[in-house]
1. Can you name the residue in region 38-52 that is among the aliphatic types (A, V, I, L, M) and more than 12 Å from VAL84 (Cα to Cα) and is also surrounded by the most Cβ atoms within 10 Å (Cβ to Cβ) among such residues?
2. Condition first: in a helix (DSSP H, G or I) and touching a helix residue (DSSP H, G or I) at 6+ places or on another chain (Cβ under 6 Å). Now tell me which residues in region 16-44 satisfy that.
Amino acid sequence: MNGVEEQQIARTIAHREVSEETLLRAYGKLVSKKIHGRFVYPEEGRRAVWRGLTKVSFFILETGQIRSDSVKVASSSGQSRLDVAAMQTVRASAPFGPPPRPMTFAIDVVFGPER
């Protein structure tokens, strides 16, 4: 194999990697948009103007379904009812479209008076 062929192979591999990264980023935006569209804010929290940010992680299967045992609070808001609502929001948003590959996803769910 000569140097030109090696460069062509390297460019092809780099293009594939960029393409997967681009697909994953676009898929992540779609998942985030769907989750934020299904926002669950506890009425008690809305009245009391609770604020917080909960990071929820979960595993998306090749079908777009969430593996049910994978939904977890990765970072708590400090308010257990908001954390539970954040996990409910994620579960209510499923299924998603099929991902480029099965993947773990994490999202920040923000609670505040503007909700």
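Throughout, read-outs are computed from the coordinates displayed, never taken from laboratory work. This structure is a prediction, so every number in the text was calculated from the model and none was measured. Because the Cβ atoms are built from the backbone with ideal geometry, glycine has one as well, and the counts that use them run over all protein chains shown.
1. In this case the residue turns out to be ALA48.
2. LYS34, ILE35
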